[in-house]
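Down below is the structure, laid out as structure tokens.
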Amino acid sequence: GDISPKNIWLTESTLDLLIENRAWLEKHSLLIAISVYTYLRLIVDHGSTNFNSLRQKEVEFCVSLLREKFTDCLMIGRDLVRLLQNVARIPDFEKLWKDIYNNPTQLSPQFQGVLQLMQSRTSRRFLQCRLTPDMEKKILHLTSFVKFGQQKRYQDWFQRQYFSTPESQSLRCDLIRYICGVIHPSNEVLCSDIIPRWAIIGWIISSCTSNVAAANAKLSLFYDWLFYDPERDNIMNIEPAILVMFHSMRNHPIITVTLLDFLCRVSDSNVTSYLDKHFNTITIFILFCFF
């Protein structure tokens with residue numbers, strides 16, 4: 001979400017440091033996973049021709065780690081698939097995708113295929129690393145102390161600070177995943193008049209000015225729905241999506257309709273079982289929207 005000269009310098013300097021110290025990096029599994037997660041995400045921001053050299057370096061770095069240290073990267077969980085989808089058209093990643101689908105054990109003997117990744121919840125440590133400390137502080141303040149109905153000036157400030165540039169469109173996905181997966185309010189906060197998570201997410205989605213960013217934001221919101229397992233996943237990860245649809249029906253029905261439309265269009269074979277199991281819930285919401 002930031003392609004200022006200072007941030008580009010930091011991005012490239014850190015990447016060079018990791019490349020030059022590859023032997024040391026390979027001794028730390030968590031750092032490998034966080035590095036891959038971070039740079040897969042940054043590749044999307046560096047699509048301009050001004051960053052061709054940096055982007056190619058990032059691509060080669062990520063692909064090499066994914067191919068040589070895929071077992072370590074498995075700890076990322078389902079969000080690894082989401083990030084790989086965003087770069088899938090880059091030739092090097094196209095080849096990687098073919099191996100993921102057709103020859104999964106070639107990448108790692110422990111890897112049985114995409115479904116294995118999708119059934120693994122992404123740890124909050126990965127979702128958390130995509131926000132700056134200042135951004136995290138502001139969001140935590142908003143969800144812990146600001147009363148519902150008094151949030152507009154905080155949202156306007158956040159909009160000016162972080163969402164005002166074209167490249168910041170991609171930042172919304174990071175923020176939604178963070179709110180769903182990391183911010184889990186206590187019962188005291190849930191029963192208070194503090195602004196709920198669903199209201200913040202509704203504002204983030206409605207502030208998207210790019211169709212691609214809007215689609216990615218919706219996917220980020222519903223991502224844990226698609227392969228939700230009550231034995232492994234936390235219900236707090238899926239709560240904001242159902243609540244933003246429910247509470248938007250009266251005053252902002254277009255949000256509910258577009259979210260339901262998106263959910264029903266996510267219809268690949270891996271999601272069909274989810275839709276079958278939750279058909280009644282989805283039907284009820286559709287009826288609410290039309291009646």
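The values are calculated or read from the model by the stated rules, or taken from the named source; none is laboratory data. All values derive from a computational prediction rather than experimental measurement. Cβ atoms come from the backbone with ideal geometry, glycine included; neighbour counts cover every protein chain shown. Quick note on the areas: whole protein, heavy atoms, side chains included, nothing else; ligands and nucleic acids left out. Shrake-Rupley method; radii C 1.70, N 1.55, O 1.52, S 1.80 Å.
Summary of values
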| item | result |
| --- | --- |
| Within the accessible area of region 62-196 (1.4 Å probe), percent carbon and sulfur | 51 percent |
| Å² per residue, accessible surface of the chain at 1.4 Å | 52 Å² |
| Helix 171-181 axis, angle to the chain major axis (alpha carbon atoms, nearest 10°) | 70 degrees |
| Residue (of 17, 40, 71) at the positive-pole extreme of the chain, dipole from beta-carbon charges | 40 |
| Cα centre as origin, Lys/Arg/Asp/Glu Cβ charges: the chain dipole, Debye | 440 debye |
| Percentage relative contact order, region 160-265, counting C-alpha pairs under 8 Å, at least six apart | 30 percent |
| Carbon plus sulfur fraction of accessible area for region 204-256, probe 1.4 Å, in percent | 56 percent |
| Unsatisfied cross-links (Cα-Cα over 27 Å) in the set 138/218; 6/152; 137/218; 27/138 | 6/152; 27/138 |
| Top positive-direction residue, dipole computed over the chain with Cβ charges, set 264, 215, 251 | 251 |
| Förster-model FRET efficiency, 30 Å R0, residue 242 and residue 94, C-beta, rounded to 0.05 | 0.25 |
| Crossing angle, helix 239-251 versus the chain [Cα axis fit, 0-90 degrees, rounded to tens] | 40 degrees |
| Which of 139, 116, 97, positive extreme of dipole for region 75-147 (C-beta unit charges) | 139 |
| Gain in span if fully extended, residue 147 to residue 9, counting 0.36 nm per residue against the direct Cα distance | 45.8 nm |
| Residue 165-residue 71 pseudo-label distance in nm [points 7 Å out on the Cα-to-Cβ vector] | 4.0 nm |
| Exposure ranking of 75, 249 by accessible area [1.4 Å probe, largest first] | 75, 249 |
| Residues residue 102 and residue 203, FRET efficiency given R0 of 30 Å [Cβ-Cβ distance, rounded to 0.05] | 0.10 |
| Matching label, semi-axes √(5λ) of the Cα gyration tensor in Å computed from the structure shown, candidates (1) 31, 28, 17; (2) 52, 20, 15; (3) 32, 24, 17 | (3) |
| C-alpha long axis of helix 52-68 to longest principal axis of the chain, angle in ° | 80 degrees |
| Sites residue 249 and residue 192, calculated FRET efficiency, Cβ-Cβ separation with R0 25 Å, nearest 0.05 | 0.60 |
| Relative contact order of the chain, defined on C-alpha pairs under 8 angstrom at six or more residues apart (%) | 15 percent |
| Nonlocal amide H pairs with residue 87, under 5 Å, H built at 1.01 Å | none |
| Net length gained if the chain between residue 112 and residue 16 were fully extended (0.36 nm per residue, minus Cα distance) | 31.3 nm |
